[in-house]
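Let me begin by presenting the structure, written as structure tokens, before commenting on it.
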Amino acid sequence: MSGTGSPELTVSDATDLRVAVVAAQWHRTVMDGLLDGAQRALDDLGVTTRTVLRVPGSFELPVAAAVLARQGVDAVVALGVVIRGGTPHFDYVCQGVTEGLTRVSVDTGVPVGFGVLTCDTEAQAIARAGLAGSTEDKGHEAASAAVATAAVLRAATEPGRWPVAPTP
């Protein structure tokens with residue numbers, strides 16, 4: 001989700017959803033902002049059942065998300081940051097994390113909120129981390145998106161809701 005043009009998410013009832021947040025430890029200031037934003041979103045949405053795990057870096061997010069998704073949570077929020085350096089490491093990590101988190105979501109049917117910043121500079125990451133003076137709050141956005149998707153999936157799988165007529 002981008003800060004410009006992002007949708008207005010409405011979640012009618014998320015109080016009984018179980019949400020896991022997995023956050024990397026690299027770039028502590030940025031990560032603390034992302035995690036605070038995710039926690040605020042869960043508070044705003046009334047989610048009280050949550051687990052927070054910290055892993056060493058962004059590359060470790062997919063395996064932790066997979067384990068959490070298989071534990072019966074309704075949504076996972078993955079938070080990390082990868083800042084471009086002078087080697088191809090950035091490209092490999094970003095691709096691996098993105099593909100890994102996508103696979104977790106599709107393979108398990110559990111929504112994964114993508115709160116992984118992939119930035120050229122630390123200043124760009126700070127601007128998106130939800131800190132004082134930041135222009136965006138990607139941790140809040142990722143948690144909100146994961147919970148909203150979990151709520152939609154729950155509503156779509158409730159007895160009596162199917163078949164749903166396709167929209168034109």
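When restricted to Cα atoms, the chain yields an Rg and a Dmax of 15.9, 55 Å, respectively. Computed from point charges on the beta carbon alone (+1 for Lys and Arg, -1 for Asp and Glu), the dipole magnitude for segment 15-168 about its Cα centre is near 280 Debye.
Extending 7 Å from the Cα toward the beta-carbon at both ARG18 and GLN124 defines two label points whose distance is 3.8 nm. Over the chain, Cα pairs under 8 Å with separation of 6+ residues give a relative contact order of 29 percent. Net length available on complete extension from PHE90 to LEU53 is 11.0 nm, with 0.36 nm assigned per residue and the Cα-Cα distance removed. Between the amide H of ARG84 and those of CYS119, ASP120, THR121, distances stay under 5 Å, these residues lying 5 or more places away or on another chain, with hydrogens modeled in the peptide plane.
The length gained by stretching the chain between ASP44 and VAL63 to full extension, at 0.36 nm per residue less their Cα-Cα distance, is 4.1 nm. Taking the C-alpha atoms only, the angle from helix 138-157 to the longest principal axis of the chain is near 20 degrees.
Between the Cα long axis of helix 28-44 and the first principal axis of the chain there is an angle of about 20°, rounded to the nearest 10. Roughly how tilted is helix 89-108, in degrees to the nearest 10 and between 0 and 90, from the longest Cα axis of the chain? Its long axis makes an angle of about 10 degrees. Per-residue 3J(HN,Hα) values for segment 120-132, derived from phi via the Karplus relation 6.51 cos²θ - 1.76 cosθ + 1.60 with θ = phi - 60°, read 7, 9, 5, 4, 5, 5, 4, 5, 9, 8, x, 7, 4 Hz in sequence order (x marks Gly and Pro). Calculated mean residue ellipticity at 222 nm for the chain: -14000 deg cm²/dmol, from DSSP H runs with n ≥ 4 weighted as -39500 (n - 2.57), summed, divided by the residue count and rounded to 500.
Give the calculated FRET efficiency between ARG154 and THR98 to the nearest 0.05, with a Förster radius of 25 Å applied to their Cβ-Cβ distance. Numbers along the way, then the final one.
Numbers: r = 26 Å, r/R0 = 1.02.
Approximately 0.45, to the nearest 0.05.
Can you give the local net charge around ARG54? Use residues other than it whose beta-carbon is closer than 13 angstrom to its beta-carbon, Lys and Arg +1, Asp and Glu -1. Taking every Cβ under 13 Å from that of ARG54, the sum is -1.
Coordinate-derived values only; no laboratory data. All values reported here derive from a predicted model rather than from experimental measurement. Neighbour counts run over all protein chains shown; Cβ positions are idealised from the backbone, glycine included.
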